Every structure is written in structure tokens, then in C-alpha cells.
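Structure record follows, encoded as C-alpha cells.
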Amino acid sequence: MFGNRSKLALVTGANRGIGFEITRQLAENGVRVLLSGRDREAVGEAAKRLRDTGLAVEPLVLDVTDPDGVHAAAAAVEEEYGRLDILVNNAGIRIEEYGRKPSEQPLRKWRETFDTNLFGVVEVTTAFLPLLHRSAAGRIVNVSSLLGSLSTHSDPGSYAYSPMFKSLPAYSASKSAVNSWTVHLAYELRDTPIKVNAVHPGYTRTDMNDGAGDLEVADGARTSVTMALLDGDGPSGGYVHRGETVPW
């Protein structure tokens with residue numbers, strides 16, 4: 001293993017919310033972090049806020065729904081750094097309205113949700129995978145959700161078994177698909193030093209949840225940071241929250 005200070009991480013959707021806090025915590029652990037997002041001004045301002053506190057954070061414009069832009073970003077990182085050690089696929093959207101029945105959510109919201117939450121994750125991961133292969137111990141963290149757990153959705157005792165969360169079928173299904181992608185990629189990389197895991201951050205108070213939630217953002221970021229900094233004995237192909245396995 002090598003020290004954190006030689007590691008390079010990329011966090012998507014990082015100019016606010018959990019992504020911003022993941023960036024902060026990784027940088028506080030001595031990792032150089034590329035803070036990415038699709039809005040150049042917002043990304044630059046967010047990176048400056050962290051740099052002004054002495055943290056090694058650089059802005060990177062990256063729209064996960066723009067394939068050309070994703071591959072251009074990967075080429076830029078390769079030219080500047082030659083490798084990537086940590087990829088945190090955090091970018092995600094929740095655009096469905098609470099209170100609708102699952103069958104009432106329009107198909108266009110399914111398509112838009114999957115473009116970001118699933119296809120964006122796959123696009124970014126495959127574009128940066130060659131750089132992760134150059135790492136001594138690459139780590140991929142896919143930020144999922146408890147709403148991606150079919151077991152939880154089917155449990156009458158869970159908070160997901162409610163009209164509120166059943167009104168988010170596209171978001172939930174997209175996170176289930178992210179979990180499946182995680183398992184498939186972990187299998188592909190099983191004989192390499194790269195570890196791939198999905199995480200449930202917790203029900204965190206962010207703009208995506210309209211300010212609702214049980215956890216502060218700092219707490220919601222911790223599972224992603226822990227999995228990004230796994231040592232060589234850590235798991236791969238898991239679905240975890242605060243050290244506990246989440247049922248698929």
C-alpha cells in the first residue's frame with residue numbers, strides 16, 4: 001500500500017451536498033481530490049472553498065450524461081496525473097414528485113433518472129477504468145441508496161414500505177441497477193487490486209431530500225469515505241452502510 005498523500009480521487013456531483021462532504025473528508029485524509037460537476041462556476045467555487053482551508057482539491061468539469069465530456073475529462077486526468085486511485089460515483093438525481101402512485105410517474109422521468117443515476121455511472125466508470133488499473137490499489141465507490149434494496153422495499157416494517165417512498169419508482173430502480181452493476185464489475189475485477197462497492201449513505205438531510213432526513217451531511221459521507229480508503233483486506237462487491245451489509 002501507499003500513503004494517502006500519494007492518492008488521487010475523483011468525486012462526481014461534488015459541488016454540493018454529500019459529494020462536497022466526501023471530497024472534504026477525503027482531502028482531510030491527505031488525498032488529492034478532483035471535485036467534479038457539470039456547472040463550471042459552481043465547481044470552481046466549491047473547489048476554492050476547500051482549497052482556501054488548505055486542502056488539496058482541484059475543480060474538474062464533468063457532466064456524467066455527456067459521453068464526449070466524460071471521455072475528455074478522462075483524457076485530461078490521464079495527461080495531468082497518469083492514473084486514478086479512487087473513483088466515487090456520487091452524482092445522482094431525484095426528480096419524481098412525492099405523493100404520486102408508482103404508475104403515475106411519467107416515463108420521461110424514468111429516462112432522465114436512469115441517464116444520470118445508472119448510465120452516467122457506467123459511462124464514467126468505463127472511461128476512467130484504464131486509469132484505475134494503473135493504481136496500486138484502485139477503489140470504486142458507487143453511491144446507492146437503501147431505496148435500491150428490494151428486500152427493504154418488500155419489508156412492511158421498513159420506512160421504504162410507505163406511500164412516500166413508493167412514489168419514487170424510477171429513483172429506486174436506478175439504484176437497484178447500480179447495485180447490480182457493482183456486483184458485475186466486482187466480478188470482472190476480482191483478480192485485480194481494484195475493489196468495487198455500493199454504499200447506502202443513510203437518509204441524509206440534503207437538497208435531494210428537500211431537507212428531510214435523519215443524518216447530517218458529514219455522517220452521510222462517511223461510509224463512502226471509508227470504502228474509498230479500504231485497505232487490501234477490505235471487501236469487494238458489497239452493499240454497505242456504516243460497516244453493516246445492506247440486504248439486496
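The values are calculated or read from the model by the stated rules, or taken from the named source; none is laboratory data. Predicted model only: the values in this text are computed from it and were never measured. All Cβ positions, even for glycine, are placed from backbone atoms using ideal geometry, and neighbour counts span all protein chains on display. Ligands, DNA and RNA are stripped out before the accessible areas are found, and what is left, the full protein with its side chains, is counted by its heavy atoms. Shrake-Rupley method; radii C 1.70, N 1.55, O 1.52, S 1.80 Å.
For residue 175, the lysines whose Cα falls under 29 Å of its own Cα, not counting residues fewer than eight places away in the same chain, are 7, 101, 109, 166, 195. Our helix-only sum for the chain, with -39,500 (n - 2.57) per DSSP H run of n ≥ 4 divided by its residues, gives a mean residue ellipticity at 222 nm of -12000 deg cm²/dmol. Could you look at the stretch 41-120 and say what percent of its accessible area is carbon and sulfur, using a 1.4 Å probe and all protein chains? Its accessible area is 49 percent carbon and sulfur atoms. Accessible area per residue for the chain is 45 Å², calculated with a 1.4 Å probe on protein heavy atoms, without ligands, DNA or RNA. When the chain is treated as a Gaussian network with alpha carbon springs shorter than 10 Å, the biggest mean-square fluctuation among 69, 99, 138 belongs to 99. Three semi-axes describe the equivalent ellipsoid of the chain; taken as square roots of 5 times the Cα gyration tensor eigenvalues and ordered largest first, they are 28, 20, 17 Å. Quick check: net charge around residue 21, other residues with Cβ under 10 Å of its Cβ, Lys/Arg +1 and Asp/Glu -1? Neighbour charge sum, excluding residue 21 itself: +1. I need the shape label for the stretch 47-101. Rule: rounded when a/c is under 1.5, else prolate if a/b > b/c, else oblate, with a, b, c from the alpha carbon gyration tensor. Because a/c hits 1.5 or more and a/b fails to exceed b/c, the stretch 47-101 counts as oblate. Under the shape rule built on the C-alpha gyration tensor, where the axes satisfy a ≥ b ≥ c, the stretch 11-81 is prolate, since a/c reaches at least 1.5 and a/b is greater than b/c.
A crude spin-label estimate for the pair residue 126 and residue 72, with each label 7 Å from Cα along the Cβ direction, gives 2.0 nm. In this simple spin-label approximation, residue 159 and residue 103 carry label points 7 Å from Cα along the Cα→Cβ vector, and these lie 2.9 nm apart. Toward the positive end of the charge dipole of the chain, with +1 on the Cβ of Lys and Arg and -1 on the Cβ of Asp and Glu, the farthest Cα among 153, 74, 56 is that of 153. Only sites in a loop by DSSP and with at most 12 other Cβ atoms within 10 Å count here; which GluC sites (Glu not before Pro) in the stretch 12-97 make the cut? In loop regions of the stretch 12-97 (DSSP not H, G, I, E or B), the sparsely surrounded GluC sites (Glu not before Pro) are 97.
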